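The values are calculated or read from the model by the stated rules, or taken from the named source; none is laboratory data. All of these numbers come straight from a predicted model, not from anything done at the bench. Cβ coordinates were reconstructed from backbone atoms using ideal geometry, including for glycine residues, and neighbour counts include every protein chain displayed. Note: areas computed on protein heavy atoms with side chains; ligands, DNA, RNA excluded. Shrake-Rupley method; radii C 1.70, N 1.55, O 1.52, S 1.80 Å.
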Amino acid sequence: MNYVISDFGRADAAVQNSQSRFPVRRIYLVGRNYAEHAREMGHDPNREEPFFFQKPSDAVIPSGSDFPYPPKSNNVHHEIELVVALKSGGSNINPEHALDHVYGYAVGIDITRRDLQQNMKKMGRPWEAGKSFDHSAPMSEIVPATECGHPQSGGVWLKVNDELRQQGDLNQLIWSIPEIINKLSEMFELSAGDLIFTGTPAGVGPIAKGDRLLGGVDGVGDIEITVV
Ligand code: MN
C-alpha cells in the first residue's frame, strides 16, 4: 500500500515464548467491575449494566518500560487489571461461546489522570483526557490460553516500591469475562486484535516520578514499569 504520508505502522504486543507479535486493533476497558473499587470511587456496587471506554491502540507499552509521567495532571493513578486478547470476534456473541474468541491473557495497568477524569465526570464531558493518553496502557506479554487456560480466580495485585497497594481476586469480578465479551459485542463488533481491560480491584492511588510499579495476576504473569 502506498500512503500520501509516511506510514506509522500498527501497535502490537509481545507474546510469551514467541518471536511473533500480537497485533493490537482496539483497546476496550470496563469501568467499575470490582465492588470494593466501585465503593472507593463513591458508587453503588450493585450489578448495574457494565460500561465501557477505549484507549488508542498505540497507548500500549511493554513491561519493563519507563513510563513518562503524563502532562496536565497532578494525580495520576495506577489500576492493575487482567487483560483479555481476542483472536476472533463478532456481534452479539453468546456468553457460552465467548471464550472461544480468546487468544490469551495479559496483565495491564489502566493508568488514569484521575484529576482530569473527575473534572470530566463533574462537567458531563468525555473521559478521554483522563484515560486515553499516550503510554496509558502498559501491558505484560500475552500468555496464550493454551498455556494458562481461562482464569476464573487468582490474585490481582500491585505494589508501588514494594508496598502492596492493590489486592483482589478474579473471582470478585462483578461481570465475568464471558459476560463482558457478550455485553461489549452487543455494542461494538469485536475483532481479532482487540484487547479488553477487565477492571481493577480496590486500592487505586497516585504514582510519582521514580516509583517502581510491580503488579501481577496469579496464573497469568506480571508487569513492571518505572515512572520517569
Ligand atoms: Mn480501569
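Summary table
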{"quantity": "Convex hull volume per residue for region 78-199, taking Cα atoms only, in Å³", "calculated": "128 Å³"}
{"quantity": "Efficiency of FRET from Cβ geometry, GLU147 and GLU186, R₀ 41 Å, rounded to 0.05", "calculated": "0.85"}
{"quantity": "For region 1-32 versus region 128-183, the gap between their alpha-carbon centres in whole angstrom", "calculated": "19 Å"}
{"quantity": "Expected 222 nm ellipticity per residue - DSSP helices of 4 or more, -39500 (n - 2.57), all of the chain, to 500", "calculated": "-4000 deg cm²/dmol"}
{"quantity": "DSSP-assigned coil residues among trypsin sites (Lys or Arg not before Pro) in region 136-228, each with at most 11 further Cβ atoms within 10 Å", "calculated": "LYS209"}
{"quantity": "Spin-label model distance (nm) - ASN46 vs SER88, 7 Å beyond Cα toward Cβ", "calculated": "3.9 nm"}
{"quantity": "Inter-probe distance in nm under a simple model that places probes 7 Å from Cα toward Cβ, at SER20 and GLU36", "calculated": "3.9 nm"}
{"quantity": "Spherically averaged projected area in nm², based on the convex hull that wraps the Cα atoms of region 157-228", "calculated": "6.2 nm²"}
{"quantity": "Computed over region 188-228: relative contact order in percent, which uses C-alpha pairs under 8 Å that are six or more apart", "calculated": "32 percent"}
{"quantity": "Equivalent-ellipsoid semi-axes of region 1-71, from the Cα gyration tensor, Å, largest first", "calculated": "33, 16, 14"}
{"quantity": "In Å, descending, principal axis extents of the Cα set of the chain", "calculated": "46, 40, 37"}
{"quantity": "Gained length - ASN74 relative to SER6, 0.36 nm times residue gap less alpha-carbon distance", "calculated": "21.0 nm"}
{"quantity": "Accessible area of the chain belonging to carbon and sulfur atoms, whole % at 1.4 Å probe", "calculated": "46 percent"}
{"quantity": "Summed side-chain charge close to ARG212 - residues other than ARG212 whose Cβ falls under 10 Å, Lys, Arg +1, Asp, Glu -1", "calculated": "-2"}
{"quantity": "Solvent exposure of region 12-227 as accessible area per residue, Å², 1.4 Å probe", "calculated": "44 Å²"}
{"quantity": "Max mean-square fluctuation residue, GNM over the chain, Cα-Cα springs under 10 Å, options LEU29, LEU116, LEU170", "calculated": "LEU116"}
{"quantity": "Convex hull volume per residue in cubic angstrom - Cα atoms of region 28-113", "calculated": "138 Å³"}
{"quantity": "Cα lying deepest toward the dipole's positive end in the chain, options SER176, PRO50, VAL143, charges on Cβ", "calculated": "PRO50"}
{"quantity": "In Å², nearest 10: area of TYR103 left accessible to a 1.4 Å probe", "calculated": "70 Å²"}
{"quantity": "Highest-first arrangement of 131-139, 41-49, where packing means the average Cβ count within 10 Å", "calculated": "131-139, 41-49"}
